[in-house]
């Protein structure tokens, strides 16, 4: 029985980490947006990342991801390709989602919707209203945004400059955990995403290059694919 | 279900089959391919896409030993290795700081395509019903492969291989996916029939 206690404690801790945590805040800080972490890109950018994918705990091979983000329009254009250069998936999303190319196993609508949602979660400030600001139990700064559908997004920043973005379902269960480890002036030097779905998956994205973009991204990208 | 065709294999096949090209017909190409025992080379791969403002550049190394051993290795920016040795094909990718065998569909597809690889390596370059092959002599020898039917619809439009007429070394391979996207591979330091250790095809 003694041997079981640490295991039970570990299990309880794991479960508690997967639920929407309490935010410690004073009445003054609770709605103060000025204190909120904002690791998100503020201008149009093109990112190229090496992607290490893992599905249900098994290594899923190396890929390369190209992402164009325009935070003003909340526009995303993205492509996933093999190391050999074969484009497996390409899509863009502004007001609506447009899949340009999708090969198996990237050809389901669910994949496209989730991928774009993940990209927006990583690169754009949460769309919902600030629900609460304060500190985590560990002392990091956190702001919680409530979205229209009842989901919450916590944006957390620790004293070392690392950021964490956590998405919780309307049932307060953790759905996404994104860790941003900045380096060389970019918040997106290393992105680690853990997704809790029917089949869990994780991505480790390492920056190959980042480049600011001038001009009307959404228009340019739509034209380029015609 | 569309099969994900491993471009690495395709490139290797192209290199094997076109390096010995000293004539303007495929029969002679086939005959001369029998002289190739080993190849080793470096390559620079440039991926062109509209979504990229400038090409994405990768570099790597390639080794081949007759009859069916090869190594196609990307060194940067993403490490990846495909090995074929004694009928077994494996693909490795970097994961968690170490090279891990890729067990996904891409690696399995490589094994499926191995039969095609072997057919092409034996010189049947223009006899694969999946591709229509043409050869044109100019400043360079240019071989063009176009998929027949809808085998590669939406995946591959054509493959163009450029071979130097003077020394018969491969210059480049261009793989066109569609009007917006193509991959250009340029070979450097190509060495034919130089010693290549068996361990190159077994050890990552």
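The values are calculated or read from the model by the stated rules, or taken from the named source; none is laboratory data. Note that this is a predicted model, so its numbers are computed, not measured. Here Cβ is always computed from backbone atoms with ideal geometry, including for glycine, and neighbour counts include all displayed protein chains.
The table below gives the values:
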read-out: All positions within the stretch B:170-204 that are part of a loop (DSSP other than H, G, I, E, B), out of contact with any strand residue (DSSP E or B) (no Cβ under 8 Å at 6 or more places or on another chain) and away from chain A (no Cβ under 12 Å); value: B:197, B:203
read-out: Odd one out for residue A:68, checked against (1) over 26 Å from residue B:153 (Cβ atoms); (2) in a helix (DSSP H, G or I); value: (2)
read-out: Long-range neighbours under 7 Å by Cβ, at least six apart or interchain, first residue over 16 Å from residue A:36 (Cβ atoms) within the stretch A:140-164, second part of a strand (DSSP E or B); value: A:151/A:167; A:151/A:168
read-out: Failed item, numbered, when residue B:75 is tested on (1) within 15 Å of residue A:50 (Cβ to Cβ); (2) touching a helix residue (DSSP H, G or I) at 6+ places or on another chain (Cβ under 8 Å); value: (2)
read-out: Residues that are buried (at least 17 other Cβ atoms within 10 Å of the Cβ) and in a strand (DSSP E or B), drawn from the stretch B:40-60; value: B:40, B:41, B:43, B:45, B:46, B:47, B:48, B:56, B:58, B:60
read-out: Filter result for residue A:52 (within 13 Å of another protein chain (Cβ to nearest Cβ) and either over 16 Å from residue B:178 (Cβ atoms) or crowded, with 20+ Cβ neighbours inside 10 Å (or both)); value: yes
read-out: Test result for residue A:190, surrounded by 16 or more Cβ atoms within 10 Å (Cβ to Cβ), touching a residue at least 12 places away in the same chain (Cβ under 8 Å) and more than 15 Å from the chain's Cα centre (by Cα); value: no
read-out: Considering residues of the stretch A:90-145 that are touching a helix residue (DSSP H, G or I) at 6+ places or on another chain (Cβ under 7 Å) and modelled with pLDDT of 95 or more only, the residue nearest to the other protein chains (Cβ to nearest Cβ); value: A:92
read-out: Given (1) modelled with pLDDT of 95 or more; (2) within 14 Å of chain B (Cβ to nearest Cβ), number of the condition residue A:63 does not satisfy; value: (1)
read-out: Residue A:47 being surrounded by 21 or more Cβ atoms within 10 Å (Cβ to Cβ), under 28 Å from residue A:75 (Cα atoms) and either in contact (Cβ under 8 Å) with a residue 12 or more places away in the chain or within 14 Å of another protein chain (Cβ to nearest Cβ) (or both); value: yes
read-out: Candidate set: the stretch A:83-97, residues that are surrounded by 22 or more Cβ atoms within 10 Å (Cβ to Cβ) and part of a strand (DSSP E or B); chosen: the one farthest from the chain's Cα centre (by Cα); value: A:87
read-out: Whichever residue in the stretch B:51-71 is closer than 19 Å to residue B:174 by Cα and under 13 Å from the mean Cα position of the chain (by Cα) and, among such residues, is nearest to the other protein chains (Cβ to nearest Cβ); value: B:60
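Residue-by-condition table, conditions (1) closer than 23 Å to residue A:61 by Cα; (2) within 16 Å of the chain's Cα centre (by Cα); (3) at pLDDT below 85; (4) not in a loop (DSSP other than H, G, I, E, B):
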{"position": "B:73", "(1), (2), (3), (4)": "yes, yes, no, yes"}
{"position": "B:92", "(1), (2), (3), (4)": "yes, no, no, yes"}
{"position": "B:125", "(1), (2), (3), (4)": "no, yes, yes, no"}
{"position": "B:132", "(1), (2), (3), (4)": "no, no, no, yes"}
{"position": "B:150", "(1), (2), (3), (4)": "no, no, yes, no"}
{"position": "B:163", "(1), (2), (3), (4)": "no, yes, yes, yes"}
{"position": "B:168", "(1), (2), (3), (4)": "no, no, yes, no"}
